Amino acid sequence: MRIQALLAAAALLTVTGCGGDSSVATESASAGVIPAAVSCGDAPALRQRAADDRRRIAESRSDQERISVGSRANLLASLAVIADLKCKVTLAEADEALKPALEAARKAAATKSVYEKTRGFNEASFAATGVVEALLARIADRAK
């Protein structure tokens, strides 16, 4: 009987995270969402991942998780925009410019530090914004 009670308590503590930083466990489970590259057909999946992260923000009680997941959601939304733009125009420089952003995001996803996660995802988002600008400029040039 005592063993069953101990096993039940251990299972409960595992599920609730022992009152510790539950964002680490949650984050590591979703660390694989950063793509290695972005192409035209990726937009719907990236938008869905960003929306899923936004829902997680609303459901979370951890401020740390809200911040890091929100940063990742912003990056994924930017990547979805890039994927949409790649359906309209190709620009080899955009792929090269996006590589450091994706690498920064993968490093952010792999770390356990909330600060480093947030910083890495924000760095990646900033770089992705530059790619969006380059693709939009290419579209504008084609329209002339």
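Taking the Cα centre of segment 21-143 as origin, sum charge times position over the Cβ atoms of Lys and Arg (+1) and Asp and Glu (-1), and report the length of that vector in debye to the nearest 20.
200 debye
With labels modelled as points extended 7 Å from the Cα through the Cβ direction, what inter-label distance (nm, one decimal) is found for Ser113 paired with Leu91?
Those two pseudo-labels are separated by 3.3 nm.
Highest mean first, what order results for 51-57, 137-143 on Cβ atoms within 10 Å?
Per-residue mean Cβ counts within 10 Å order the peptides as 51-57, 137-143.
HN-Hα J couplings of segment 48-60 from phi, Karplus 6.51/-1.76/1.60, θ = phi - 60°, integer Hz, Gly and Pro as x?
The phi angles translate into 5, 4, 4, 5, 4, 5, 4, 5, 4, 4, 5, 8, 7 Hz.
Please list, in order along segment 98-112, the HN-Hα scalar couplings obtained from phi with the Karplus expression 6.51 cos²θ - 1.76 cosθ + 1.60 (θ = phi - 60°), rounded to whole Hz, x for Gly and Pro.
Couplings: 7, 4, x, 5, 5, 5, 4, 5, 5, 5, 4, 5, 7, 7, 9 Hz.
Going by a ≥ b ≥ c, the root eigenvalues of the Cα gyration tensor, does segment 59-144 fall in the rounded group (a/c under 1.5), the prolate group (a/b larger than b/c) or the oblate group?
prolate
Taking the mean number of other Cβ atoms within 10 Å as a proxy for protection, how do you rank 35-48, 116-129 from highest to lowest?
Descending packing order for the listed peptides: 116-129, 35-48.
Expected output is a single nm value to one decimal: the length gained when fully extending between Glu133 and Ala36, i.e. 0.36 nm times separation in residues minus the C-alpha distance. What is it?
32.9 nm
None of the figures in this text is laboratory data; all of them are computed from the coordinates on show. Computed from a predicted structure; not experimentally measured. Reconstructed Cβ throughout: ideal geometry from the backbone, glycine too, with neighbour counts over all protein chains shown.
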